[in-house]
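Here the structure is laid out as C-alpha coordinates; the discussion comes afterwards.
The values are calculated or read from the model by the stated rules, or taken from the named source; none is laboratory data. Note that the structure is predicted; figures quoted are calculated from it, not measured. Here the Cβ is made from the backbone with ideal geometry for all residues, glycine too, and neighbour counts use every protein chain on show. All accessible areas refer to the heavy atoms of the entire protein, side chains included, with ligands and DNA or RNA removed. Shrake-Rupley method; radii C 1.70, N 1.55, O 1.52, S 1.80 Å.
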Amino acid sequence: MTYDLILRGGHVCDPRSGVNHVADIAFEGGKIAEVAGDITGPALQEEDVTGLHVLPGLIDSHVHVSGWMGGAAGHRMLALAGVTTALDMAGPIDSVMQIAATTGTGLTLACIDYVRPGHTVDTTNPLMPELEDVLARARVAGAVGLKILGGHFPLTTEASGRVIDLCAGAGAHVAFHAGTLDTPQNLHGLREACDLAAGHPLHMPHVNAYARGFEAPAILEAHEAAQILAAYPNIWSESYLAPINGNSAKCANGVPESVATRRNLIAGGYDPNLQGMEQAILDGWAHIHLLENGVTRLATGREAVEAWRAAQTDIGMSYFVNPADTSINLALLKRDNGRFAVDALATDGGGLPRNDLCQRGLALVHLNALTLSEFVWKTAAEPARMMGLSQHKGHLAPGADADVTVIDLERRVPCLSYGGGRAILRYGAVVGQGTTMIVAPEGVAAAQALGLATYVAQPGSFQPVHRTTADGI
Ligand SMILES: [Zn+2]
(Lines give C-alpha, C1' and ligand atoms only; values in the text may rest on other atoms or scores of the structure.)
Protein backbone atom coordinates (compact mmCIF):
# COMPACT_ATOMS: atom_id res chain seq x y z
CA MET A 1 0.00 0.00 0.00
CA THR A 2 1.40 3.36 -1.01
CA TYR A 3 0.00 6.18 1.10
CA ASP A 4 -0.54 9.67 -0.23
CA LEU A 5 1.21 11.28 2.71
CA ILE A 6 2.80 10.31 6.03
CA LEU A 7 3.33 12.88 8.76
CA ARG A 8 6.23 11.45 10.75
CA GLY A 9 7.20 11.78 14.37
CA GLY A 10 4.63 14.28 15.66
CA HIS A 11 2.75 14.05 18.94
CA VAL A 12 -0.77 13.02 17.93
CA CYS A 13 -3.50 14.28 20.27
CA ASP A 14 -6.96 12.89 19.49
CA PRO A 15 -9.04 12.53 22.67
CA ARG A 16 -11.94 10.84 20.90
CA SER A 17 -9.66 7.98 19.86
CA GLY A 18 -7.75 8.01 23.13
CA VAL A 19 -4.49 8.84 21.33
CA ASN A 20 -2.06 11.18 23.01
CA HIS A 21 1.49 10.15 22.14
CA VAL A 22 4.17 10.38 19.45
CA ALA A 23 3.05 8.57 16.31
CA ASP A 24 3.10 8.63 12.52
CA ILE A 25 -0.13 9.33 10.68
CA ALA A 26 -0.88 8.31 7.09
CA PHE A 27 -3.40 9.77 4.61
CA GLU A 28 -4.91 7.87 1.72
CA GLY A 29 -7.66 9.03 -0.63
CA GLY A 30 -8.48 12.06 1.53
CA LYS A 31 -8.99 9.91 4.64
CA ILE A 32 -6.92 8.98 7.66
CA ALA A 33 -5.47 5.55 6.81
CA GLU A 34 -3.34 4.71 9.82
CA VAL A 35 -2.04 6.12 13.09
CA ALA A 36 0.83 4.06 14.50
CA GLY A 37 4.18 4.27 16.20
CA ASP A 38 6.18 3.63 13.07
CA ILE A 39 4.39 3.39 9.73
CA THR A 40 6.60 1.53 7.28
CA GLY A 41 4.53 1.68 4.10
CA PRO A 42 5.85 3.88 1.31
CA ALA A 43 4.18 7.22 0.64
CA LEU A 44 4.12 9.61 -2.28
CA GLN A 45 5.10 12.30 0.18
CA GLU A 46 6.47 12.41 3.69
CA GLU A 47 6.63 15.26 6.14
CA ASP A 48 8.80 15.30 9.24
CA VAL A 49 6.77 16.88 12.04
CA THR A 50 9.05 15.89 14.90
CA GLY A 51 8.55 18.23 17.84
CA LEU A 52 5.14 19.39 16.59
CA HIS A 53 1.64 18.33 17.70
CA VAL A 54 -0.82 16.74 15.28
CA LEU A 55 -4.47 17.54 16.05
CA PRO A 56 -7.82 16.92 14.36
CA GLY A 57 -8.46 19.88 12.04
CA LEU A 58 -9.61 22.90 14.05
CA ILE A 59 -13.33 23.67 13.70
CA ASP A 60 -14.35 27.25 14.42
CA SER A 61 -18.06 27.14 15.22
CA HIS A 62 -18.54 30.91 14.95
CA VAL A 63 -17.04 32.97 12.12
CA HIS A 64 -18.03 35.64 9.59
CA VAL A 65 -17.04 35.40 5.95
CA SER A 66 -19.63 37.52 4.13
CA GLY A 67 -19.57 40.91 2.46
CA TRP A 68 -21.71 42.18 5.33
CA MET A 69 -19.36 41.00 8.04
CA GLY A 70 -15.82 39.80 7.72
CA GLY A 71 -15.41 40.29 4.01
CA ALA A 72 -13.42 38.41 1.44
CA ALA A 73 -10.29 38.09 3.60
CA GLY A 74 -12.00 35.60 5.89
CA HIS A 75 -11.04 32.37 4.15
CA ARG A 76 -7.39 33.35 4.04
CA MET A 77 -7.42 34.45 7.68
CA LEU A 78 -9.06 31.22 8.83
CA ALA A 79 -6.53 29.16 6.89
CA LEU A 80 -3.65 31.12 8.42
CA ALA A 81 -5.14 30.39 11.85
CA GLY A 82 -5.07 26.63 11.28
CA VAL A 83 -8.85 26.26 10.92
CA THR A 84 -10.09 23.60 8.49
CA THR A 85 -13.90 23.80 9.02
CA ALA A 86 -16.06 26.75 10.06
CA LEU A 87 -19.64 27.91 10.59
CA ASP A 88 -20.60 31.37 9.33
CA MET A 89 -23.00 32.75 11.91
CA ALA A 90 -24.98 35.35 9.99
CA GLY A 91 -24.71 35.23 6.21
CA PRO A 92 -26.14 36.78 4.15
CA ILE A 93 -25.96 33.44 2.43
CA ASP A 94 -25.63 34.74 -1.14
CA SER A 95 -22.57 36.75 -0.18
CA VAL A 96 -21.07 33.86 1.79
CA MET A 97 -21.47 31.59 -1.24
CA GLN A 98 -19.94 34.14 -3.63
CA ILE A 99 -16.95 34.71 -1.37
CA ALA A 100 -16.54 30.96 -0.83
CA ALA A 101 -16.52 30.45 -4.59
CA THR A 102 -14.03 33.21 -5.36
CA THR A 103 -11.64 33.25 -2.39
CA GLY A 104 -11.71 29.67 -1.09
CA THR A 105 -8.62 28.34 0.67
CA GLY A 106 -9.63 24.69 1.01
CA LEU A 107 -11.98 25.04 3.99
CA THR A 108 -15.25 23.24 4.70
CA LEU A 109 -17.89 25.85 5.51
CA ALA A 110 -21.52 26.00 6.63
CA CYS A 111 -23.66 29.11 6.95
CA ILE A 112 -26.84 30.14 8.74
CA ASP A 113 -28.67 33.10 7.23
CA TYR A 114 -29.82 36.10 9.24
CA VAL A 115 -33.40 37.03 10.06
CA ARG A 116 -33.03 40.76 9.65
CA PRO A 117 -35.82 43.33 9.46
CA GLY A 118 -35.66 45.28 6.22
CA HIS A 119 -33.40 42.65 4.64
CA THR A 120 -34.80 39.13 4.93
CA VAL A 121 -38.04 40.00 6.76
CA ASP A 122 -40.25 43.08 6.48
CA THR A 123 -40.72 43.98 10.13
CA THR A 124 -39.47 43.18 13.62
CA ASN A 125 -42.44 40.89 14.14
CA PRO A 126 -42.52 38.45 11.21
CA LEU A 127 -45.26 35.84 11.39
CA MET A 128 -44.81 32.15 10.69
CA PRO A 129 -45.63 32.15 6.94
CA GLU A 130 -43.03 34.83 6.25
CA LEU A 131 -40.45 33.01 8.38
CA GLU A 132 -41.16 29.75 6.56
CA ASP A 133 -40.39 31.54 3.29
CA VAL A 134 -37.18 32.94 4.76
CA LEU A 135 -35.97 29.48 5.80
CA ALA A 136 -36.96 27.92 2.48
CA ARG A 137 -35.13 30.63 0.53
CA ALA A 138 -32.08 30.38 2.77
CA ARG A 139 -31.84 26.62 2.29
CA VAL A 140 -32.18 26.81 -1.47
CA ALA A 141 -29.43 29.44 -1.48
CA GLY A 142 -27.09 27.17 0.53
CA ALA A 143 -27.71 27.90 4.21
CA VAL A 144 -28.34 25.20 6.81
CA GLY A 145 -30.51 27.34 9.08
CA LEU A 146 -31.20 30.77 10.53
CA LYS A 147 -29.57 33.28 12.87
CA ILE A 148 -31.55 35.58 15.12
CA LEU A 149 -29.53 38.80 15.39
CA GLY A 150 -31.01 39.88 18.73
CA GLY A 151 -28.34 42.14 20.17
CA HIS A 152 -27.77 43.88 16.82
CA PHE A 153 -31.16 43.88 15.11
CA PRO A 154 -33.71 42.62 17.63
CA LEU A 155 -37.06 41.05 16.80
CA THR A 156 -40.06 40.96 19.09
CA THR A 157 -39.94 38.33 21.80
CA GLU A 158 -42.71 36.38 20.05
CA ALA A 159 -41.02 36.44 16.64
CA SER A 160 -37.71 35.30 18.17
CA GLY A 161 -39.50 32.31 19.65
CA ARG A 162 -41.21 31.59 16.33
CA VAL A 163 -37.86 31.35 14.51
CA ILE A 164 -36.62 28.71 16.99
CA ASP A 165 -39.91 26.84 16.77
CA LEU A 166 -39.80 26.85 12.98
CA CYS A 167 -36.23 25.57 12.82
CA ALA A 168 -36.99 22.82 15.34
CA GLY A 169 -39.84 21.58 13.18
CA ALA A 170 -37.80 21.80 9.98
CA GLY A 171 -34.61 20.27 11.39
CA ALA A 172 -32.71 23.47 10.59
CA HIS A 173 -29.86 24.90 12.62
CA VAL A 174 -30.75 28.00 14.62
CA ALA A 175 -28.58 30.34 16.65
CA PHE A 176 -29.77 33.27 18.74
CA HIS A 177 -27.62 36.29 19.54
CA ALA A 178 -29.65 36.91 22.68
CA GLY A 179 -31.70 40.06 23.00
CA THR A 180 -35.14 41.14 21.81
CA LEU A 181 -36.99 44.42 21.44
CA ASP A 182 -37.97 44.02 25.09
CA THR A 183 -34.77 42.71 26.63
CA PRO A 184 -31.19 43.88 26.01
CA GLN A 185 -28.11 41.77 25.31
CA ASN A 186 -27.12 40.85 28.86
CA LEU A 187 -27.85 38.08 31.36
CA HIS A 188 -31.55 38.96 31.20
CA GLY A 189 -31.36 38.55 27.44
CA LEU A 190 -29.56 35.24 27.84
CA ARG A 191 -32.19 33.96 30.24
CA GLU A 192 -35.01 35.10 27.99
CA ALA A 193 -33.41 33.44 24.95
CA CYS A 194 -33.00 30.16 26.83
CA ASP A 195 -36.66 30.27 27.85
CA LEU A 196 -37.80 31.16 24.34
CA ALA A 197 -36.14 27.98 23.04
CA ALA A 198 -38.88 26.10 24.94
CA GLY A 199 -36.84 22.91 25.00
CA HIS A 200 -35.94 23.03 21.29
CA PRO A 201 -32.33 22.75 20.10
CA LEU A 202 -30.58 26.12 20.10
CA HIS A 203 -27.02 27.30 19.45
CA MET A 204 -26.17 30.10 21.89
CA PRO A 205 -23.34 32.08 20.34
CA HIS A 206 -20.56 34.07 22.03
CA VAL A 207 -21.69 33.71 25.64
CA ASN A 208 -19.16 36.46 26.44
CA ALA A 209 -21.51 39.03 24.94
CA TYR A 210 -23.99 38.63 27.80
CA ALA A 211 -21.46 38.84 30.63
CA ARG A 212 -19.36 41.94 30.01
CA GLY A 213 -19.87 43.25 33.52
CA PHE A 214 -23.06 45.11 32.64
CA GLU A 215 -24.65 44.88 36.08
CA ALA A 216 -22.13 43.05 38.27
CA PRO A 217 -18.40 42.26 38.16
CA ALA A 218 -17.69 40.40 34.90
CA ILE A 219 -16.35 37.33 36.70
CA LEU A 220 -19.62 36.95 38.60
CA GLU A 221 -21.65 37.43 35.44
CA ALA A 222 -19.57 34.73 33.71
CA HIS A 223 -20.35 32.28 36.51
CA GLU A 224 -24.02 33.20 36.39
CA ALA A 225 -24.10 32.72 32.61
CA ALA A 226 -22.62 29.25 33.09
CA GLN A 227 -25.29 28.43 35.66
CA ILE A 228 -28.05 29.62 33.38
CA LEU A 229 -26.79 27.45 30.51
CA ALA A 230 -26.48 24.40 32.77
CA ALA A 231 -30.25 24.43 33.25
CA TYR A 232 -30.91 23.98 29.52
CA PRO A 233 -29.60 20.69 28.05
CA ASN A 234 -31.25 21.66 24.75
CA ILE A 235 -28.81 24.54 24.35
CA TRP A 236 -25.31 24.30 22.91
CA SER A 237 -22.94 27.22 23.38
CA GLU A 238 -19.57 28.68 22.46
CA SER A 239 -17.43 31.47 23.81
CA TYR A 240 -14.30 33.25 22.62
CA LEU A 241 -11.10 34.60 24.12
CA ALA A 242 -10.40 37.77 22.14
CA PRO A 243 -10.48 41.15 23.89
CA ILE A 244 -12.21 42.72 20.88
CA ASN A 245 -15.75 42.28 19.67
CA GLY A 246 -16.58 42.52 15.97
CA ASN A 247 -19.20 44.64 14.36
CA SER A 248 -20.18 46.96 11.55
CA ALA A 249 -19.48 50.69 11.57
CA LYS A 250 -22.21 51.31 9.04
CA CYS A 251 -24.39 54.31 9.78
CA ALA A 252 -27.81 55.12 8.38
CA ASN A 253 -29.66 58.39 8.96
CA GLY A 254 -26.72 59.66 10.97
CA VAL A 255 -26.54 56.83 13.51
CA PRO A 256 -24.86 53.41 13.59
CA GLU A 257 -27.26 50.76 12.33
CA SER A 258 -26.33 48.20 14.97
CA VAL A 259 -27.69 48.54 18.48
CA ALA A 260 -24.45 46.96 19.77
CA THR A 261 -22.33 49.55 17.96
CA ARG A 262 -24.36 52.35 19.53
CA ARG A 263 -24.16 50.79 22.99
CA ASN A 264 -20.40 50.49 22.75
CA LEU A 265 -20.02 54.11 21.66
CA ILE A 266 -22.00 55.19 24.72
CA ALA A 267 -19.88 52.88 26.90
CA GLY A 268 -16.76 54.71 25.65
CA GLY A 269 -18.29 58.10 26.43
CA TYR A 270 -19.26 59.00 22.86
CA ASP A 271 -22.54 60.06 21.31
CA PRO A 272 -24.13 57.24 19.30
CA ASN A 273 -24.07 59.18 16.03
CA LEU A 274 -21.75 59.99 13.10
CA GLN A 275 -19.80 62.63 15.01
CA GLY A 276 -19.40 60.38 18.02
CA MET A 277 -18.21 57.54 15.84
CA GLU A 278 -15.62 59.73 14.08
CA GLN A 279 -14.25 60.98 17.38
CA ALA A 280 -14.16 57.45 18.79
CA ILE A 281 -12.12 56.27 15.80
CA LEU A 282 -9.78 59.28 16.06
CA ASP A 283 -9.26 58.72 19.77
CA GLY A 284 -8.59 55.00 19.42
CA TRP A 285 -11.74 53.70 21.12
CA ALA A 286 -13.35 52.42 17.91
CA HIS A 287 -11.06 50.27 15.74
CA ILE A 288 -11.70 50.06 11.99
CA HIS A 289 -10.88 46.88 10.06
CA LEU A 290 -8.41 47.70 7.28
CA LEU A 291 -7.52 45.24 4.54
CA GLU A 292 -3.78 44.79 4.05
CA ASN A 293 -1.89 41.98 2.34
CA GLY A 294 -5.06 39.92 2.08
CA VAL A 295 -5.94 40.06 5.78
CA THR A 296 -7.71 42.62 7.94
CA ARG A 297 -6.02 44.48 10.77
CA LEU A 298 -7.25 46.97 13.34
CA ALA A 299 -6.66 50.66 12.72
CA THR A 300 -7.46 53.89 14.55
CA GLY A 301 -6.73 57.58 14.06
CA ARG A 302 -6.76 59.54 10.85
CA GLU A 303 -6.11 56.64 8.41
CA ALA A 304 -8.99 54.74 9.96
CA VAL A 305 -11.41 57.67 9.71
CA GLU A 306 -10.46 58.06 6.04
CA ALA A 307 -11.07 54.37 5.35
CA TRP A 308 -14.42 54.53 7.17
CA ARG A 309 -15.46 57.55 5.11
CA ALA A 310 -14.21 56.05 1.85
CA ALA A 311 -16.41 53.01 2.52
CA GLN A 312 -19.43 55.28 3.18
CA THR A 313 -19.20 53.96 6.78
CA ASP A 314 -19.93 50.41 5.55
CA ILE A 315 -16.83 48.79 7.05
CA GLY A 316 -16.03 46.39 9.86
CA MET A 317 -15.01 47.61 13.29
CA SER A 318 -14.15 46.39 16.77
CA TYR A 319 -14.09 47.67 20.32
CA PHE A 320 -11.96 46.37 23.18
CA VAL A 321 -14.97 45.50 25.34
CA ASN A 322 -14.43 41.90 26.39
CA PRO A 323 -13.15 41.53 29.95
CA ALA A 324 -10.53 38.80 30.40
CA ASP A 325 -12.40 37.61 33.51
CA THR A 326 -15.35 36.63 31.37
CA SER A 327 -13.40 35.14 28.48
CA ILE A 328 -11.09 32.99 30.56
CA ASN A 329 -13.75 31.77 32.97
CA LEU A 330 -16.19 30.88 30.20
CA ALA A 331 -13.46 28.87 28.47
CA LEU A 332 -12.64 26.91 31.62
CA LEU A 333 -15.77 26.57 33.75
CA LYS A 334 -17.19 23.09 34.18
CA ARG A 335 -20.51 21.77 35.41
CA ASP A 336 -21.05 19.44 38.32
CA ASN A 337 -21.07 16.51 35.90
CA GLY A 338 -17.58 17.38 34.61
CA ARG A 339 -18.73 18.72 31.24
CA PHE A 340 -17.67 22.15 30.12
CA ALA A 341 -20.19 24.84 30.99
CA VAL A 342 -19.70 26.27 27.50
CA ASP A 343 -19.39 23.52 24.94
CA ALA A 344 -16.90 24.98 22.48
CA LEU A 345 -14.19 27.53 22.04
CA ALA A 346 -14.83 29.64 18.94
CA THR A 347 -13.59 33.05 17.79
CA ASP A 348 -16.39 35.08 16.13
CA GLY A 349 -13.54 35.70 13.70
CA GLY A 350 -13.15 34.76 10.06
CA GLY A 351 -12.73 38.13 8.36
CA LEU A 352 -12.74 39.82 11.76
CA PRO A 353 -9.15 39.94 13.04
CA ARG A 354 -9.57 37.64 16.01
CA ASN A 355 -8.81 34.13 14.76
CA ASP A 356 -7.04 33.19 17.95
CA LEU A 357 -7.84 29.53 18.65
CA CYS A 358 -4.11 28.78 18.61
CA GLN A 359 -2.77 32.08 19.85
CA ARG A 360 -5.05 32.42 22.90
CA GLY A 361 -6.57 28.94 23.21
CA LEU A 362 -3.16 27.34 23.46
CA ALA A 363 -2.12 30.01 25.97
CA LEU A 364 -4.62 28.34 28.33
CA VAL A 365 -2.84 25.05 27.67
CA HIS A 366 0.48 26.72 28.54
CA LEU A 367 -1.02 27.87 31.82
CA ASN A 368 -2.20 24.32 32.62
CA ALA A 369 -5.72 25.73 32.64
CA LEU A 370 -6.77 23.39 29.81
CA THR A 371 -5.09 20.14 28.83
CA LEU A 372 -4.27 19.82 25.14
CA SER A 373 -6.93 17.10 24.96
CA GLU A 374 -9.51 19.51 26.39
CA PHE A 375 -8.44 22.12 23.85
CA VAL A 376 -9.00 19.57 21.05
CA TRP A 377 -12.35 18.63 22.56
CA LYS A 378 -13.54 22.26 22.50
CA THR A 379 -12.10 23.20 19.11
CA ALA A 380 -12.66 20.04 17.07
CA ALA A 381 -14.54 17.10 18.61
CA GLU A 382 -17.47 18.99 20.14
CA PRO A 383 -18.04 21.42 17.22
CA ALA A 384 -17.92 18.44 14.83
CA ARG A 385 -20.58 16.68 16.86
CA MET A 386 -22.82 19.75 16.93
CA MET A 387 -22.50 20.16 13.16
CA GLY A 388 -23.40 16.52 12.55
CA LEU A 389 -19.88 15.78 11.29
CA SER A 390 -18.77 13.40 14.06
CA GLN A 391 -18.38 10.43 11.82
CA HIS A 392 -15.97 12.25 9.52
CA LYS A 393 -14.39 15.09 11.45
CA GLY A 394 -13.21 16.06 14.92
CA HIS A 395 -11.04 12.96 15.33
CA LEU A 396 -8.24 11.06 13.59
CA ALA A 397 -9.42 7.46 13.60
CA PRO A 398 -8.81 5.53 10.35
CA GLY A 399 -11.60 6.36 7.91
CA ALA A 400 -12.11 9.92 9.18
CA ASP A 401 -11.56 12.81 6.79
CA ALA A 402 -7.88 13.70 6.64
CA ASP A 403 -8.55 17.06 8.31
CA VAL A 404 -5.48 17.78 10.39
CA THR A 405 -3.90 20.81 12.01
CA VAL A 406 -0.23 20.53 12.98
CA ILE A 407 0.77 23.04 15.63
CA ASP A 408 3.92 24.32 17.25
CA LEU A 409 2.66 24.20 20.82
CA GLU A 410 5.63 26.13 22.16
CA ARG A 411 5.00 29.10 19.86
CA ARG A 412 1.18 28.66 19.81
CA VAL A 413 1.02 28.77 16.02
CA PRO A 414 -0.37 26.43 13.37
CA CYS A 415 2.33 25.13 11.02
CA LEU A 416 0.51 22.83 8.61
CA SER A 417 -3.12 22.04 7.93
CA TYR A 418 -4.99 19.68 5.65
CA GLY A 419 -8.64 19.40 4.62
CA GLY A 420 -9.64 16.05 3.13
CA GLY A 421 -5.94 15.28 2.74
CA ARG A 422 -5.25 18.44 0.71
CA ALA A 423 -2.83 21.00 2.07
CA ILE A 424 -4.43 24.26 3.26
CA LEU A 425 -1.62 25.88 5.26
CA ARG A 426 2.08 25.34 4.92
CA TYR A 427 4.33 27.19 7.39
CA GLY A 428 2.65 30.58 7.05
CA ALA A 429 1.67 30.20 3.40
CA VAL A 430 -1.93 29.52 2.38
CA VAL A 431 -1.79 26.85 -0.32
CA GLY A 432 -5.40 25.56 -0.28
CA GLN A 433 -8.04 26.40 -2.85
CA GLY A 434 -11.79 26.09 -3.23
CA THR A 435 -14.47 25.57 -0.59
CA THR A 436 -16.63 22.62 0.37
CA MET A 437 -20.03 24.02 1.39
CA ILE A 438 -22.13 22.11 3.89
CA VAL A 439 -25.62 22.59 2.45
CA ALA A 440 -29.14 21.29 2.89
CA PRO A 441 -30.24 18.93 0.09
CA GLU A 442 -32.11 21.77 -1.64
CA GLY A 443 -28.94 23.92 -1.61
CA VAL A 444 -26.80 21.57 -3.67
CA ALA A 445 -27.76 23.14 -6.99
CA ALA A 446 -26.86 26.66 -5.88
CA ALA A 447 -23.46 25.50 -4.66
CA GLN A 448 -22.73 23.53 -7.79
CA ALA A 449 -23.72 26.47 -9.98
CA LEU A 450 -20.90 28.40 -8.30
CA GLY A 451 -18.44 25.55 -8.74
CA LEU A 452 -18.41 24.73 -5.04
CA ALA A 453 -17.95 21.21 -3.72
CA THR A 454 -20.78 20.14 -1.43
CA TYR A 455 -21.34 18.15 1.71
CA VAL A 456 -25.04 17.50 2.23
CA ALA A 457 -26.44 18.08 5.72
CA GLN A 458 -29.73 16.27 6.06
CA PRO A 459 -32.46 18.05 8.09
CA GLY A 460 -31.84 17.49 11.79
CA SER A 461 -28.19 16.58 11.36
CA PHE A 462 -26.94 19.65 13.22
CA GLN A 463 -27.47 18.80 16.89
CA PRO A 464 -26.98 21.88 19.04
CA VAL A 465 -27.91 19.99 22.18
CA HIS A 466 -25.93 18.23 24.87
CA ARG A 467 -24.64 14.83 24.04
CA THR A 468 -26.28 11.98 25.88
CA THR A 469 -24.24 8.89 25.02
CA ALA A 470 -21.47 7.71 27.28
CA ASP A 471 -18.59 8.56 24.95
CA GLY A 472 -20.22 11.82 24.01
CA ILE A 473 -20.43 11.21 20.29
ZN1 LIG B 1 -20.67 36.70 15.27
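Here are some notes:
- The angle separating the long axis of helix 187-196 from the principal Cα axis of greatest extent in the chain is about 80 degrees.
- Computed over neighbours whose Cβ is under 10 Å from that of Tyr210, the net charge equals 0, Lys and Arg +1, Asp and Glu -1.
- Rel. contact order, % - alpha carbon contacts under 8 angstrom, at least six apart, the stretch 332-473: 15 percent
- Amide H contacts under 5 Å for Asp356, placed H, 5+ residues apart: none
- In this structure the amide hydrogen of Cys415, modeled in the peptide plane, comes within under 5 Å of the amide hydrogens of Val406, Ile407, Asp408, none closer than 5 places in sequence on its chain.
- The residue among Leu282, Val321, Val255 whose Cα reaches farthest toward the positive pole of the charge dipole of the stretch 248-321, with charges on the beta-carbon of Lys, Arg, Asp and Glu, is Val321.
- Estimated vicinal HN-Hα couplings, Hz - the stretch 41-50 in sequence order (Karplus 6.51, -1.76, 1.60; Gly, Pro = x): x, x, 9, 5, 8, 10, 9, 7, 10, 3
- Rel. contact order, % - alpha carbon contacts under 8 angstrom, at least six apart, the chain: 23 percent
- Ligands, DNA and RNA are left out, and with a 1.4 angstrom probe the accessible area of the chain is 35 Å² per residue.
- Accessible surface of Asp94 - all protein chains present, 1.4 Å probe, nearest 10 Å²: 100 Å²
- For the chain, lysine pairs with C-alpha atoms less than 30 angstrom apart, excluding pairs fewer than eight positions apart on the same chain, total 9.
- Per-residue HN-Hα couplings for the stretch 8-23 [Karplus 6.51, -1.76, 1.60; θ = phi - 60°; Hz; x = Gly/Pro]: 9, x, x, 8, 8, 10, 9, x, 5, 8, x, 9, 7, 7, 5, 7
- Of every Cα-Cα pair in the chain, the percent that sits beyond 35 Å: 26 percent
- Of the chymotrypsin sites (Phe, Trp or Tyr not before Pro) in the stretch 351-444, those whose Cβ has at most 13 other Cβ within 10 Å and which sit in DSSP loop: Tyr427
- Estimated 222 nm signal from helices in the chain, with DSSP H stretches of n ≥ 4 weighted -39500 (n - 2.57), rounded to 500: -7500 deg cm²/dmol
- The Cα center of the stretch 303-324 and the Cα center of the stretch 355-389 differ in position by 29 Å.
- Neighbour net charge for Glu224 - beta-carbon separation under 12 angstrom, K R +1, D E -1: -1
- Mean silhouette area of the stretch 248-321, derived from the convex hull of its C-alpha atoms and averaged over all directions, reads 4.3 nm².
- In Å², nearest 10: area of Arg137 left accessible to a 1.4 Å probe: 140 Å²
- Whole-Hz couplings from phi, Karplus 6.51/-1.76/1.60, listed for the stretch 78-95; x for Gly and Pro: 5, 4, 4, 8, x, 7, 10, 9, 8, 10, 6, 9, 6, x, x, 4, 4, 5
- Under the combined filter of DSSP loop state and at most 16 neighbouring Cβ atoms within 10 Å, the stretch 320-400 retains these trypsin sites (Lys or Arg not before Pro): Arg335, Arg339.
- Accessible area per residue (1.4 Å probe, heavy atoms of protein chains only) ranks Cys251, Cys111 as Cys251, Cys111, with the largest value leading.
- Here's how it looks for Ala90: its modeled amide H is under 5 Å from those of Ile112, which are all 5 or more places away or on a different chain.
- Computed on the stretch 248-321, with alpha-carbon pairs under 8 angstrom and 6+ residues apart, the relative contact order is 32 percent.
- Nonpolar atom fraction for the chain, defined as the carbon and sulfur part of the 1.4 Å probe accessible area, stands at 52 percent.
- Sorting Met387, Met1, Met128 by accessible area puts them as Met1, Met128, Met387; the probe is 1.4 Å, largest comes first, and only protein heavy atoms count.
- Exposure here means at most 13 other Cβ atoms within 10 Å; with GluC sites (Glu not before Pro) in a DSSP loop as sites, the longest stretch of the chain lacking them is 1-214.
- Formal net charge of residues neighbouring Ile99 (Cβ-Cβ distance under 12 Å; K, R +1; D, E -1): -1
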